[in-house]
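What follows is calculated from the coordinates using simple rules that are stated; it is not laboratory data. On a predicted model such as this, the values are computed, not experimentally measured, just so you know. Cβ: placed from backbone, ideal geometry, glycine included. Neighbour counts: every protein chain shown.
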C-alpha cells in the first residue's frame, strides 16, 4: 500500500479537529446541564460550575423524582412511546408491504395519496376537531392513533421492502406460505435495519412531544413528562420548592431543577440511541435505490 500523501494527512488532521469541535459544541450544553444538576445551590450562585459538578449533591434529583406530577408524566410518556411505536410499526409494515408490490392494482393512486398527504395536511384545528368528534380527547388513544403512520417513514419502509430479492418470496409462495406469513417470518426479519431506524424516529417523536399532549389532554393525570418539563422551564411547576429563600437563591433552585428535569427527560433517548445506531445508516441507505 502506498504511503499517504502529506496533503491527505493534513486534511485528515483538519477534518478530525473540525469534527471534535462540532462534537464539543453539541455535548457542552448537556455536560453543563449535568454539572449544574449535580452541584449545590451555593456553587451555582457563585458561578463555580462549568464542566464538573461542584459540591456534589443529589438534592435536585430527589426533589424532582419525589414530585407526583413528574412520576405520572414519566409513566404516561413511557406508555405513549412504547404503545405508539408498536402501533406505528405494525400499521406501517402492513401498509408498506402491499405498496411495495408493483402488481398491486391501484398502487399508483395510493402512493400519490400518501405523497399528497405528506405535503398538504389538514392543520391543527381540523385535527383537534376530529379528535374531539371521535371522543378521543383526554384518552390514551388521542396520543397513539393520530400519529400511527408517518408518510416519510412509510416511504423508507416501502423502498426497503422493494429492495428485498423477489426470489425469496417466490420460494416461500411455492412452499405454500401466505402473504401474512411471508411478511411476518421473512420480510420483517430481513428488514430490521429499516424497522429499527423507523422505531427510533417514532420513539423520539413520542418521547419529545409536549404540544399534542397539551392540546389533546385536559387532565394532569394524562399529560406527558415533556409538559411537566415545559412548566418547569417556564416556572409554572414546583412553585413552592424554594419557599422561604431569597430571590437569587430561589432562581438558583429553579436553575438546578430545570437542569435536572432536562437530564432526566433526555437520558432514556440518549441511552437508547447507541443500541440502534448500527442500524441507522444502513436503514436509511439500503433500499433507497432498487438494483
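Listed values, structure above:
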{"item": "Radius, Kirkwood style, for region 100-139 when every pair of distinct Cα atoms is counted (Å)", "result": "12.4 Å"}
{"item": "Stretchable slack from residue 10 to residue 50, in nm (0.36 nm times residue separation minus alpha-carbon distance)", "result": "11.1 nm"}
{"item": "Order of 105, 42 - criterion: other Cβ atoms within 10 Å of each residue's Cβ, fewest first", "result": "105, 42"}
{"item": "Rounded tilt (10° steps) of 151-163 against the dominant C-alpha axis of the chain", "result": "40 degrees"}
{"item": "Contact order relative to length of region 63-285, as percent, for alpha carbon pairs under 8 angstrom and 6 or more apart", "result": "33 percent"}
{"item": "Whole-Å semi-axes of region 83-168's equivalent ellipsoid (Cα gyration tensor)", "result": "28, 16, 10"}
{"item": "Tilt relative to the chain, helix 247-285 - C-alpha long axis, 0 to 90 degrees, to 10", "result": "20 degrees"}
{"item": "Inter-part distance where region 111-142 and region 30-63 are each reduced to a Cα centre, Å", "result": "43 Å"}
{"item": "In degrees, nearest ten, helix 124-133 long axis to first principal axis of the chain (Cα)", "result": "80 degrees"}
{"item": "Spherically averaged projected area in nm², based on the convex hull that wraps the Cα atoms of the chain", "result": "23.2 nm²"}
{"item": "Over region 1-134: Rg over Rh, Cα atoms, Kirkwood Rh", "result": "1.19"}
{"item": "Relative contact order (%) - criterion: Cα under 8 Å, at least six apart; region: region 33-134", "result": "14 percent"}
{"item": "Under the Debye formula (equal points on every Cα, no solvent term), log10 I(q)/I(0) of region 112-223 at q = 0.10, 0.16 Å⁻¹", "result": "-0.45, -0.88"}
{"item": "Peptides 138-144, 164-170 ordered by average Cβ neighbours within 10 Å, highest first", "result": "138-144, 164-170"}
